[in-house]
1. Based on C-alpha coordinates, I'd like the Rg and Dmax of the range 103-147, in Å.
2. Greater than 24 Å separation of Cα atoms is the criterion. Which listed pairs, Lys68/Lys141; Lys65/Lys141; Lys87/Lys149; Lys65/Lys285; Lys65/Lys149; Lys65/Lys87, meet it?
3. Which value results when the Cα radius of gyration for the range 140-304 is divided by 2.2 N^0.38 Å?
4. Could you run the Karplus curve 6.51 cos²θ - 1.76 cosθ + 1.60 with θ = phi - 60° over the range 157-166 and give me ³J(HN,Hα) per residue in whole Hz, x for Gly and Pro?
5. Sorting Ser174, Ser247 on the 10 Å Cβ count, fewest up front, what's the list?
6. Based on the Kirkwood radius over alpha-carbon pairs, what is the Stokes-Einstein translational diffusion coefficient of the range 125-172 at 4 °C with 1.567 mPa s viscosity, in µm²/s?
7. Taking every pair of Cα atoms in the range 59-216, average 1/r, invert it to obtain the Kirkwood radius, and report Rg/Rh to two decimals.
8. What number results when the radius of gyration of the range 216-294, computed over Cα atoms, is divided by 2.2 N^0.38 Å?
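All of the numbers you see were taken from the coordinates with simple rules; none came from a lab. Since the structure is predicted, the reported quantities are computational estimates derived from the model, not experimental observations. Cβ atoms come from the backbone with ideal geometry, glycine included; neighbour counts cover every protein chain shown.
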Amino acid sequence: MMGTFIDLVIYHPNGEQLIRDAYSQLAQYAGRFTVNQPGSELMRVNENAGIAPVTVQPDLFRLIKTAKAVSEDRLNPFNIAIGPLVKAWRIGFQDANVPSPEEIAARLALVDPKNIILDERACSVFLSQPNMEIDLGAIAKGFFADEIKKMLVNAGVEHGFISLGGNVLTIGYSPDNASQAWNVGIQNPLAERGAVIRMVPLRGASMVTSGINERFFAASGQRYHHLLDPQTGMPIVTDMASLTIISEHSVDGEIWSTAGFLTSMTDVLDYLNQQSCIEAVAITKCGRVGVTGGLIDDGSRLFFTNKFLCK
């Protein structure tokens, strides 16, 4: 679902039914929030760009509002108005291509998040420029995971995990682990899938990874990854290979794993150390590993120096 593999594990007497309910809920979210889903709420917003505001359900409105606020910080590359650029590149699809400079320039004029007009009272979203498009691909899975966790916890689940591709959200700890945690591996972005570069013990927390190794294509001897810079319209120029965010809520991990993808590891760690309630693991193209101040790295496993999560 949503172009990735989904894994749900829960410990509960009614576990099988709860998992079915969770998959049903995920399917509903994907149908409403996906930009390429005909008739979805988000598609209605995009189709009415420059025409009229569109009333959406409160959960979608809140998510767009959260994402818009982060997008307006020009210090980071997170931008939910980046849809026109994503469609120009088509990275991840068979028809991926390098847009011409003229096409990139035209699309850059459409990615200003300040042109997303929100009306709290009407719960409406208006894209003020024709051909603008919101793309929630950098945040939606985190929101979905958080909502599924709420549903499962409210049903009495105390132990489990939700994995949506590179997004893992834990419930409590593994009953089979004496250290009372879920041991979650960080993929080595320079090795084959399944190769773990660090292990992280999580208890009720989220871990989200973004990297340049997952979605890319090559043209004329050059490799282009999917993390686009909304200032240039090109893939972000960086020495980073992947960035992992550890947080209480998965939606925060989604935001900062993109927003923190800056030019160098130094810039990444300096920027993310200024953010509250998150920790980060940065890996460069040379295989160097760096962590934010709340983590200790022993070369194979990470440990928390304090209680970093905000309650």
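1. Gyration radius and largest Cα-Cα distance of the range 103-147: 13.2, 38 Å.
2. Listed pairs above 24 Å: Lys87/Lys149; Lys65/Lys285.
3. 1.05
4. Taking θ as phi minus 60°, the curve returns 6, 10, 9, x, 8, 10, 10, 10, x, x Hz for the range 157-166.
5. Fewest to most other Cβ atoms nearby, the residues stand as Ser174, Ser247.
6. 102 µm²/s
7. Dividing the radius of gyration by the Kirkwood radius yields 1.04.
8. Numbers: Rg = 13.1 Å, N = 79, 2.2 N^0.38 = 11.6 Å.
Cα Rg divided by the expected 2.2 N^0.38 Å: 1.13.
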